[in-house]
Structures are given as structure tokens and as C-alpha cells.
Amino acid sequence: MSKNSKSALDKHFKISERGSNVKTEIIAGITTFFAMAYIIVLGPNQITGLSGGPFWNAVYIATVFGAILGTLYYAFYANLPYAQACGIGLNAFFFTSFVAGAKGVTGYQAGLVIVLISGVVFLILSITGAREIIAKSMPECIKKSIPVGIGLFIAFIGFQNVGIIQDNPGTLVQFVQINGASWSEIAPAIVALAGFFIIVILSALNVKGAVLIGVVATTVIYYVATWQLPSFEGGSIVGSFKEFFDTSFVAAFKPESWKNAFSQEYVGGIFGAILLIISFSIVNMFDTIGTLYGTASEAGMLDENGDPIDMDKAMTCDSTATITGAICGTSTCTTFVESASGVAAGGRTGFASVITAICFALCLFLTPIASIIPAAATAPALIYVGVLMFRNVTNIDMTELRDKATAFLTIIMMPLTYSIANGIGIGAIGYVIITLCTGKFKKGDIPVTVVALLFLFKFIFGGI
């Protein structure tokens, strides 16, 4: 790369201005991809209900396109180091609402209409500034709790992905059972713990690219420890694209899809459709708000009021990605909390997102690329990000009991309900109840009260 091209790149993305460099941004982009690459296989599995099932290939292509385009929106419009793809929780809700049972492809296409409409609603709220107003009007105790809650949530995801934390019928969760287990059963957990310490030690020694080095080193350790070799295969590319264009692409605009989207058979009638649109909109809105506060706090990209810089652009990127994802044929696209791993690796600009998008693009032609890096190698990065984000707990004002209780609810409910949005919603409800009952309600608390009421409505009627 020539000096002129470097300066042009630097100037466009403001890389030096934000205290970064091209090499760091590339490493950050790759790190984010590895941290969230699981979605391109998990997403189709969730939406179709099984691996390799009907229209799986179509949803696979749609998922990758949604991730590429959504991430590029952040790169070129907002110039932020965040990535997007279809959300895990929303994928599961999409399946149960539109695909499960005998609904199949027809229900899937009707569901895309609901997601499309929720994206349009989302975009209108973003363009008018309503979403930004809602986010900035949240109480400080909630805003400052969000990074901490996300840290615990993302670490929990890492622990769970490799079996360090396992299911237990009596206590719901437990630490990995080593005694009596075979090596193949516990290897991912043991290797992931080793990978976590590698990243921590390298970071403590101020080694550049510690997270990515840790991911690569842990990958090697995993394959050596399990005596396996990664496989590279080219999928049936032509067949997958044909299925994509026949089944998924622009299916949200078919007259039949619109008819079914408001039918009793597929969504429970018009009222059911409205409830689904509201549910998808609320969850996506507050997932994004939470992710932005969490990652921006980690990156030091907050303004003087403690709010993420360019939040209006970030919100527009997110809502546009939801619309794009629906057009491609996937569930709600949202900003991924795993973007924090790239931020932890030093990403500060949209150029990191360009690199992430390129990595996703490769997956269109080399299907298994996402599975080359095992969960045992990405989990340590997620756990390490949890450590970094947890330090924000010192920013929370603990002098008033209302704020302490609200912060606690916001933080603890994110990992326990497996949802950033639910943590914010339950925290808002708790804040309003305590404020009203202690006679401290003020005019400035009206926005958070509206948020609390919306979440009450969602919890009672929305089903997610």
C-alpha cells in the first residue's frame, strides 16, 4: 500500500485522529469476525429449526449478506468499529413465531414481512431522533450499569459456549464436571480456560494484538489437544444461491407474504401481527442501545454527557440493517455485542468493520471458514472482554439506594435472562416503581416511565 493510499485511508476513516493505526484496525476487524462468526451457522439453524433442513442454504446466504451489508453500514456511514448480523434471541423468537409446526417456508416468508415493518418503524424512530432521545433520557444509574451487565452477559456466553458453565436440572447451571468425564467432553472447557489466561498474560505484558494472538494460539492448542485437523470444503455455491433467490431474497415483498403476515393462521390475526411488530422493535431498540453504551464505554468513545458518539448514525445503521436483513431473508439484524472484542483489540473506526465484512464475504464461497476457529478459541476472547467491561462498575454512583437497586437489576438480569434488552427493561421498571413509591418522581422521569410501560406490555403480551 502506497503512502498516498495510506493517508487517504487514514483521512477517510480518521484512524490516526482516533488514536489507532491500520494494522490495529485490521486485527480488530478479524477479532470481531472470529468472535461472532458462529452466527452464520447458528442463525440458519435457529431460523429453520434444524441443521441442513428445508431452505437452510437460502437462510445461510441471507444471514451472510445481512452481516456483510449491516456491518458495512457502520463502516461507511457511522465510521464505528461495530458489526451486525441477525440476533440470536430474535432468531429463536422468529422460529417459534413463524416457522415452528406446519408453518414452514410460508410462515418464514410471512415473518420476513413482520421484521421488515419493525425495521421501518425502527428507521422512522431513528431518523426523527426519537430513539436517541429515549436512550439519552435514561437515568444515569441505568446507562452506567449497561457496560457492566453486558460484560457479565458476554462472559457468560463465552463460559457457556465451551461448557465451562453447564446445565444442571437442580441448580440450572454448574461448573464443568471434570471427574468421570472423557477428555473429548472437557477439552473445550480446559483449552478455553488456558486461552483466557494466555490473553490476560499477554495483555498484562502489553503485547500488541493480545486478543487475536490468544485466539490463534488457542486454536492451535485445541487441534493439538483433540488430535483433529480443520477441514476446508467448498459448499454447493450455485445451489445455495439458487435457493436463496427462489426462497428468501425479496420474499418480504410478495403479495402472498403480506397476506399471511396478518392472517389468523400464521400470526394470530392483525392484533397478533401488531404485538409481534412491537416486540421485535422494542427488543432490537434496547439491544442496540445497550450494545452501543457498552462498546463505546470500552472504547472511550463517549461524549461529555456519557453518551456514545454519533449515536444517531449508529441507530440509523441498525434500523437500516434490519430492513436489509428482511429483504435478504433473515431475522432482525442488530449490532452484535461481540463487537466489543474488536474494540478490546484496539478497533476505533469503521475500517475495522470493513475488515469484518470482508471476512463474512469469504464465507459466501468457503462455507466452513466460520467453523475453522473453534468455540474453545473464541470463548476466551469473550470472557476477557467481560473482564474489561466489568471495570465500569466503579462508575456507578452507589450513594443512593434507588440507584443501587436499579443498577443491580439492570446488571444481573442481562445474563440471567440472556438478553440485554430485558436487563434494561427490568431496570427501568424497578427505577420507576421505587421512584414513585418514595415520592421522588420528576418530569424528567417521564421517558423512562414510558420505557418501563413498554416493557411491561412486552413481558405480558409479547412473549419474548
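The values are calculated or read from the model by the stated rules, or taken from the named source; none is laboratory data. As the structure is a computational prediction, the values presented were derived from the model and not from experiment. Cβ placement follows ideal geometry from the backbone for every residue including glycine, while neighbour counts extend to all protein chains displayed.
Of note:
- Residue match in region 28-39 (condition: part of a helix (DSSP H, G or I), surrounded by fewer than 21 Cβ atoms within 10 Å (Cβ to Cβ) and touching a helix residue (DSSP H, G or I) at 6+ places or on another chain (Cβ under 8 Å)): no
- Failed criterion for F159 (all others in (1) within 30 Å of T219 (Cα to Cα); (2) outside any helix (DSSP H, G or I) hold): (2)
- Of all residues in region 435-445, exactly one satisfies the criterion of being at pLDDT below 95 and within 22 Å of N422 (Cβ to Cβ), namely D445.
- Residue within region 73-89 that is closer than 12 Å to T330 by Cα, modelled with pLDDT under 90, within 17 Å of the chain's Cα centre (by Cα) and not polar (S, T, N, Q) present: yes
- Among residues of region 393-421, those that are modelled with pLDDT under 90 and under 20 Å from the mean Cα position of the chain (by Cα), counted: 4
- Where A251 falls short, out of the listed (1) over 22 Å from T106 (Cα atoms); (2) buried (at least 23 other Cβ atoms within 10 Å of the Cβ): (1)
- Filtered by the rule that a residue be closer than 12 Å to A78 by Cβ, acidic (D, E) and either buried (at least 24 other Cβ atoms within 10 Å of the Cβ) or modelled with pLDDT of 95 or more (or both), region 311-365 gives a lone residue, D318.
- Residue list for region 429-454, filter: closer than 25 Å to F94 by Cβ and either among the β-branched types (V, I, T) or touching a Phe, Trp or Tyr at 6+ places or on another chain (Cβ under 8 Å) (or both): V451
- M389 vs. criteria hydrophobic (A, V, I, L, M, F, W, C), touching a Pro at 6+ places or on another chain (Cβ under 6 Å) and farther than 30 Å from W56 by Cβ: yes
- Tabulated pairs, region 20-32, first within 15 Å of S7 (Cα to Cα), second part of a helix (DSSP H, G or I), C-beta under 6 angstrom, 6+ apart or interchain: E25/F351; E25/A352
- Beta carbons closer than 6 Å, at least 6 apart along the sequence or on distinct chains, pair a first residue in region 373-401 that is without any contact (Cβ under 8 Å) to a residue 60 or more places away in the chain with a second that is surrounded by fewer than 21 Cβ atoms within 10 Å (Cβ to Cβ) for M398/K404.
- Tally, over region 62-117, of residues that are aromatic (F, W, Y), under 13 Å from P44 (Cα atoms) and either without any contact (Cβ under 8 Å) to a residue 24 or more places away in the chain or surrounded by 24 or more Cβ atoms within 10 Å (Cβ to Cβ) (or both): 2
- Single condition T399 does not satisfy, out of (1) of a type in the set (V, I, T); (2) out of contact with any Ser or Thr (no Cβ under 9 Å at 6 or more places or on another chain); (3) more than 26 Å from I190 (Cα to Cα); (4) in a helix (DSSP H, G or I): (4)
- The residues of region 387-414 that are crowded, with 23+ Cβ neighbours inside 10 Å and within 30 Å of I221 (Cβ to Cβ) amount to a single one, M389.
- Candidates G300, G306 - the one that is surrounded by fewer than 20 Cβ atoms within 10 Å (Cβ to Cβ), out of contact with any Gly (no Cβ under 9 Å at 6 or more places or on another chain) and either modelled with pLDDT of 90 or more or not aliphatic (A, V, I, L, M) (or both): G306
- Within region 258-352, helices (runs of 4 or more DSSP H) holding 1 or more residues that are in contact with an Asp or Glu (Cβ under 6 Å, 6 or more places away or on another chain) and in contact (Cβ under 8 Å) with a residue 40 or more places away in the chain: 269-299, 311-328, 339-344
- Any chance T96 is in a helix (DSSP H, G or I), β-branched (V, I, T), at pLDDT below 90 and more than 19 Å from S341 (Cβ to Cβ): yes
- Selection within region 415-464 - under 16 Å from P139 (Cβ atoms), touching a residue at least 60 places away in the same chain (Cβ under 8 Å) and small (G, A, S): G423, G425, G427, A428, G444
- Test result for A181, part of a helix (DSSP H, G or I) and surrounded by 13 or more Cβ atoms within 10 Å (Cβ to Cβ): no
- Residue within region 7-27 that is among the polar types (S, T, N, Q), surrounded by fewer than 18 Cβ atoms within 10 Å (Cβ to Cβ) and under 30 Å from F253 (Cα atoms) present: no
- Selection over region 139-178 of residues that are surrounded by 12 or more Cβ atoms within 10 Å (Cβ to Cβ), of a type in the set (S, T, N, Q) and over 24 Å from A377 (Cα atoms) gives a count of 1.
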